[in-house]
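Read-outs: derived from the displayed coordinates by stated rules, not from any lab. Since we're looking at a predicted model, the values are computed, not measured. No Cβ is skipped: glycine too gets one built from the backbone with ideal geometry, and neighbour counts run over all protein chains shown.
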Amino acid sequence: MLRPDTFALTALLALITALGPVSTDMYLPSLPDIGRLLATDPAHVQLTLSAYLAGFAAGQIIYGPFSDRYGRKPILLLSLVLFGAANLACAAAPDIGVLIAARTLQAMGGSGAIVVARAIVRDLYAGARAGRELSLMGSIMALAPIMAPLLGGVLQTTFGWRANFLVALCVGLVAAAIVWRRLPETLRRRAPEPVSIGGVVRVYRGLIGNRAFLAHVAIGASSYAGLFAWLSGSAFVLQDLYALTALGYSIAFAICSCGYLAGTFVASAIVGRLGIGATIGIGTFALAAGGLAMGVALTVAATSIAAIVLPTSLYLFGLGLTLPQAMAGALTPFPDRAGAASSLVGFVQQTSAAILGVGVGHMLGASAWPIAAPMAAMGCTALLAWAMSRHVRAARRPLSGARTTGR
């Protein structure tokens, strides 16, 4: 069995968490080709992303309370089975409507994996230690958005878009096998009451009543939404407007993703000394700077790919600093409701990202501004949320009845 404070456990949790990026990033180079082969327009193709986000949000709101009641491991295995079945449906989709529906089911399976993985972190760690663990997971997980588009570009060129979902199925099967054989149950004290709609509503109402929780959610959701402005529009902008091939786009995407890898690596090194709040502050400055820099660069050099890639790399560097720490700050006050807290954070993040993604899909046209403007707005929003909530986050209160085990 895997033990806490080991690289093997961290790597497993990172693999589970990476199912979402693998599901999304690997097929991004195929988006234009999906539109051509399934005879549909970019707005409908983009709905395969937004439907995924909507399914991810809906799934997250469900899994957390069940994992608090019945344990992490059985709920995690259930979600991985659904993820695998949905990947088969995606690979066999005959038209865009079926693909959108299958992507929704795929997301509902993948959402359970990430909810439970974050809850496991909170079962084992608290405060800055939880932030460091999430950053280490992020450093490993960051290889997914670097490698997945490159692999997706090769698969697209060699086999076509359906191969992406078959590879995602294989990744899910590997994760399920390791969880079944090696992952111990980490939930020490299960929620005493059965899962019910009324009980879930009461738990979520208690979470929402905690102002520090809301502050961390606002920071994480705004920064994450900016990421999906990039994910929703980058394939169409760089391939259709800047004439990159699928493989060329994958390389540009991987370069940007190195920024996220660097951010999570730096966060894991400094959060123990600076604390969660200061690390988030540095990250939100980078988010705002990256978004605003893209706007300036497009104004000065609108035809240069560097005007998009370099500012996006800075934005993703800030995201790597910000997102794991915002998650740790939101979960730390609730050791007995880590699953529910993880669910609610993920629901808000995915919902905001889905809404923004739909808007980006409808704004896509003759320039890169549908990417730049939302990223700048979300980066500045995250910075503002961090600045305005400093006293609230410093004085956070636990949910009634929950024990607090660290800052």
Euclidean distance of C-alpha centroids, region 304-353 and region 49-69, integer Å: 16 Å
DSSP-assigned coil residues among trypsin sites (Lys or Arg not before Pro) in region 132-200, each with at most 11 further Cβ atoms within 10 Å: 188, 189
Cut-off 17 Å, label 7 Å out along Cα→Cβ of residue 81, residues of region 157-177 by amide N: 172-177
Relative contact order [Cα under 8 Å, 6+ residues apart], the chain, whole percent: 27 percent
For Kirkwood radius over Cα pairs in Å, calculated from these coordinates, the label among (i) 24.3; (ii) 20.8; (iii) 22.0: (ii)
Residue exposure sequence - 133, 185 - by fewest surrounding Cβ within 10 Å: 185, 133
Angle in degrees between helix 338-363 and the longest Cα principal axis of the chain, rounded to the nearest 10: 20 degrees
Proxy reagent accessibility, fewest Cβ within 10 Å first, across 388, 137: 388, 137
Taking 230, 386 and counting other C-beta atoms within 10 Å, the order from fewest to most: 230, 386
Contact order normalised by residue count of region 40-195, Cα under 8 Å, 6+ apart, percent: 36 percent
Dipole-positive endmost among 20, 200, 161 within the chain (Cβ charges, Cα centre): 200
Whole-Hz couplings from phi, Karplus 6.51/-1.76/1.60, listed for region 75-88; x for Gly and Pro: 5, 5, 5, 4, 5, 5, 5, 5, 4, x, 4, 5, 4, 4
